[in-house]
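Encoded as structure tokens, the structure appears first; notes follow it.
The values are calculated or read from the model by the stated rules, or taken from the named source; none is laboratory data. Just so you know, these numbers come straight off a predicted model, no measurement behind them. As a convention, Cβ positions derive from the backbone with ideal geometry for all residues, glycine included, and neighbour counts pool all protein chains shown.
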Amino acid sequence: MTIASAKQLLQSGEQTAEGLVSDCLERIQEQNKELNALLWVSETALEEARELDRRREAGEEIGPLGGIPIVIKDNILVKGWPNQSASQILEGHRSAYDATVIERLRRAGAVLIGCANMDEFAMGSSTESSHFGATKNPWDTLRVPGGSSGGSAAAVAAGFVPAALGSDTGGSIRQPASLCGVVGLKPTYGRVSRFGLMAMASSLDQIGPITRTVEDAALVMQAMEGKDPRDATSVELTQTTSPELITDSLKGVKIGIPDEYVLDGMDETIKQLVMDAVAQLKKAGAKIEHISMPHTKYALAAYYVLMPCEASSNLGRYDGLRFGYHSLGDTLEKTYARSRGEGFGSEVKRRILLGSFALSAGYYDAYYRKALQVRTLIKRDFDEALKRVDAIVTPTSPSVAWPIGEKFGDPLTMYLSDIYTITANLATVPAMSIPCGFSQGLPVGMQIMGRPFDEHTLYRIGMSYQHVTDWHTRTP
């Protein structure tokens, strides 16, 4: 069920919020043990749904998402919930306050169902680095769902809920959305408040929705976007999301296809499916142009310097003393070392070490400063390209979901799975993945990137495509 169809049933009285939430909880009970998509399920969700039904019957306004069940990634704080960012270092932690997006979803009437599994501190592309075990892909439980928001994507694909929240630092919403056959949106940096999101890389992180349709993604964005005085990087919007104003007409829309995004070793079927989707967009009225983004080849190297540098700084706050996992040593320094050494997983420690090294004396200019310069060049590529075209279309992932364990022991191969998504984070532009076909019986995603704060064009292109195809209606 989509958000839009659930809203119709709720408004007509054919369904109640309690009934809808009860159905979701029943499905979670049946399937989550196998998929491991959710780490914790709210004990008050049914009670909240009953209260919404009571208010609706009394004629009260309950918000545009009134009664809609939503799952929340484990690194987004919900007051009283055991948010751990899927890490042992936060063992026993209970959130003391709500993230801004949570406050806004509650105000819109959403019912929060539970915490979704993820890669530890959002560091990963497969949801295998979670302290609580890997999440499985609903299309094939021997394969990964992508990451780091793999639990959120799997929960939507499996029909646990019609929507989930994820976070995206280098593709962590879009890549799992692609591998699970759902829609994932990374908004423009600053469109959504990061207050209450456990920081990984502060200049790259954004919260966004994972849904079944583009329309549903816009409905969730409408509820949670906007300026927040508690997040200095959030922006006062001149154009807010209005789902009812989105047209599926592509007349006059120019779409760019960057030559640099066709790489050696890419699955040929994925390439063909994306080009077939581009042909559908052209048939719907869009104009297609080939463009060049020459600094794309440096993006992966720049990202894997900048992101670990910011992560090593942000994760310095987890010392094993104030909250979470604690391992006592003979001295304060040994207590820090033991708590962090035992509390963090191998991928998190790898990135802390990489970041600390790149920021150290003698290496700062050679690595961090150089990566910042490359980021500027990549941003210029996008600025120039988006003067010529309204949006850029690429594959979301170079492959379909791979078998669990296949890449986990090979970090470089794992990092390459982000090759198409990281540029949008470095350039701070909006990007969305939508289903565009199947290869080997597994979902394939098409990525659409646009101008900063022009999510409207992404919605327009995505909805046009979904009106003439049915990939988004397929379920595991």
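The figures follow:
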| quantity | calculated |
| --- | --- |
| Tally, over segment 329-352, of residues that are without any contact (Cβ under 8 Å) to a residue 24 or more places away in the chain and touching a helix residue (DSSP H, G or I) at 6+ places or on another chain (Cβ under 8 Å) | 3 |
| Qualifying residue in segment 378-393 (condition: surrounded by 15 or more Cβ atoms within 10 Å (Cβ to Cβ), among the acidic types (Asp, Glu) and over 30 Å from residue 282 (Cβ atoms)) | no |
| Any hit, segment 164-174, residues being of a type outside the set (D, E, K, R), over 19 Å from residue 103 (Cα atoms), assigned to a strand (DSSP E or B) and at pLDDT 95 or above | no |
| Residue match in segment 448-455 (condition: in contact (Cβ under 8 Å) with a residue 60 or more places away in the chain, assigned to a loop (DSSP other than H, G, I, E, B), touching a Ser or Thr at 6+ places or on another chain (Cβ under 7 Å) and at positive phi) | yes |
| Condition check for residue 54: within 23 Å of residue 214 (Cα to Cα) and among the basic types (Lys, Arg) | no |
| Output for segment 452-476, where each listed residue is of a type in the set (D, E, K, R) and surrounded by fewer than 20 Cβ atoms within 10 Å (Cβ to Cβ) | 454, 470, 474 |
| Failed condition for residue 360, given (1) out of contact with any Leu (no Cβ under 6 Å at 6 or more places or on another chain); (2) modelled with pLDDT of 95 or more | (2) |
| Hits in segment 223-245 (condition: in contact (Cβ under 8 Å) with a residue 40 or more places away in the chain and buried (at least 19 other Cβ atoms within 10 Å of the Cβ)) | 223, 224, 228, 234, 241, 243 |
| Filter result for the condition that a residue is out of contact with any strand residue (DSSP E or B) (no Cβ under 8 Å at 6 or more places or on another chain) and aromatic (Phe, Trp, Tyr), over 132, 121 | 121 |
| Complete set of residues in segment 232-259 that are among the charged types (D, E, K, R) and either closer than 21 Å to residue 187 by Cα or in contact with a Pro (Cβ under 7 Å, 6 or more places away or on another chain) (or both) | 236, 244, 248, 254 |
| Positions within segment 32-72 being within 27 Å of residue 128 (Cβ to Cβ), surrounded by fewer than 19 Cβ atoms within 10 Å (Cβ to Cβ) and over 21 Å from the mean Cα position of the chain (by Cα), in sequence order | 33, 34 |
| Residue 185 vs. criteria buried (at least 24 other Cβ atoms within 10 Å of the Cβ) and either assigned to a strand (DSSP E or B) or of a type in the set (D, E, K, R) (or both) | yes |
| Which numbered condition residue 472 misses (of (1) closer than 20 Å to residue 248 by Cβ; (2) of a type outside the set (D, E, K, R); (3) not in a helix (DSSP H, G or I)) | (3) |
| Leading residue by the ranking (farthest from residue 148 (Cα to Cα)) among those in segment 188-207 that are of a type in the set (Gly, Ala, Ser) and surrounded by fewer than 24 Cβ atoms within 10 Å (Cβ to Cβ) | 190 |
| All positions within segment 88-136 that are of a type in the set (Lys, Arg) and farther than 30 Å from residue 412 by Cβ | 94, 104, 106, 107 |
| All positions within segment 219-256 that are in a helix (DSSP H, G or I), over 25 Å from residue 287 (Cα atoms) and of a type outside the set (A, V, I, L, M) | 222 |
| Residue ID - farthest from residue 170 (Cα to Cα), chosen from residues in segment 408-430 that are assigned to a helix (DSSP H, G or I) and at pLDDT 95 or above | 427 |
| Those residues of segment 120-154 which are of a type in the set (A, V, I, L, M) and over 13 Å from residue 171 (Cβ atoms), in sequence order | 134, 142, 144, 154 |
| Test: residue in segment 257-273 that is buried (at least 21 other Cβ atoms within 10 Å of the Cβ), assigned to a loop (DSSP other than H, G, I, E, B) and out of contact with any Lys or Arg (no Cβ under 7 Å at 6 or more places or on another chain) | no |
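Yes/no per residue for (1) over 25 Å from residue 221 (Cα atoms); (2) in contact with a strand residue (DSSP E or B) (Cβ under 8 Å, 6 or more places away or on another chain); (3) modelled with pLDDT under 95:
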{"residue": "244", "(1), (2), (3)": "no, no, yes"}
{"residue": "254", "(1), (2), (3)": "no, yes, no"}
{"residue": "259", "(1), (2), (3)": "yes, yes, yes"}
{"residue": "265", "(1), (2), (3)": "yes, no, yes"}
{"residue": "271", "(1), (2), (3)": "yes, yes, yes"}
{"residue": "274", "(1), (2), (3)": "yes, yes, no"}
{"residue": "279", "(1), (2), (3)": "yes, no, no"}
